[in-house]
Amino acid sequence: MIYYSMIREFRLQRVVEIGGGYSTLLSTRAALRNGTTRVDCIEPAPPKFFTAKLPGLSRLLVSKAQDVPRDLFESLDNNDILFVDSCHVSRIGSEVHRIFFEILPRLKPGVLIHFHDIFLPWEYPRQWVKDLKIFWNEQYLLLAFLMFNDVFKPLLANHYLLREHLTALQRTFPFLPRWDKAGSFWLRRLPEASGEPPLC
């Protein structure tokens, strides 16, 4: 819901998604409502609803993020969104490494970045580890990236809102039946000089 709202509120020009899925249904719907927002999705194994032309989707790149030219990301401007729903694992040859070491440092000031399935400042859900045997580590790399970092500014931690401000969320979005899966983290590339591009 927050992803959809960000696209609608800021009327941004472009969204680039690393990893597509049900979230793409939200972004493309918001793009159609805006009328001018372009959504490009990078997904090596598109789900079935991607096989036909998805309304609102400008381009589907059936590729790994490691193989996409950097200029796609470098062309994002102030208030555009880089949406990251990756493999979530830091390992040799991982797209996670390319995102942190090549893509993020090259983003222009003002670009908004979203990481999916991030539960900071808490651990990954215990059920994921014990029952589902999910051993992701992306959020630890994100935490290390943000420490002592004056170039990227955290904006919103969805899981923090869930844990600390659930009543306010339910009051603001009464039509949403559940919030127990909120796990997204938003940040923004700041300018090198003083003063921030307007978030509008």
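To keep it simple, each residue is scored yes or no on (1) at pLDDT 95 or above; (2) of a type in the set (K, R); (3) under 25 Å from G93 (Cα atoms); (4) assigned to a helix (DSSP H, G or I).
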| residue | (1), (2), (3), (4) |
| --- | --- |
| Y3 | no, no, no, yes |
| V16 | yes, no, yes, no |
| G20 | no, no, yes, no |
| T36 | no, no, no, no |
| V39 | yes, no, no, no |
| P44 | no, no, yes, no |
| A52 | no, no, no, no |
| P55 | no, no, no, no |
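Pairing residues of segment 10-26 that are in contact (Cβ under 8 Å) with a residue 40 or more places away in the chain with residues that are in a helix (DSSP H, G or I) and of a type in the set (F, W, Y), at Cβ distances under 7 Å and at least 6 apart in sequence or on separate chains, gives V16/F73; G20/F50; S23/Y3. Scanning segment 155-200 for residues that are closer than 16 Å to N78 by Cα, modelled with pLDDT of 70 or more and surrounded by 15 or more Cβ atoms within 10 Å (Cβ to Cβ) returns W186, L187, R188, R189, L190. Candidates S5, S63: the one that is more than 27 Å from F175 (Cβ to Cβ), of a type outside the set (A, V, I, L, M, F, W, C) and surrounded by fewer than 18 Cβ atoms within 10 Å (Cβ to Cβ) is S63.
The set of residues from segment 98-129 being in contact with a Lys or Arg (Cβ under 8 Å, 6 or more places away or on another chain) and surrounded by fewer than 16 Cβ atoms within 10 Å (Cβ to Cβ) comprises E102, R106, K108, W122.
For segment 57-82, the set of residues classified as closer than 19 Å to W186 by Cα and in a loop (DSSP other than H, G, I, E, B) consists of L76, D77, N78, N79, D80, listed by residue number.
The values are calculated or read from the model by the stated rules, or taken from the named source; none is laboratory data. Computed from a predicted structure; not experimentally measured. Backbone-built Cβ (ideal geometry, glycine too); neighbour counts: all protein chains shown.
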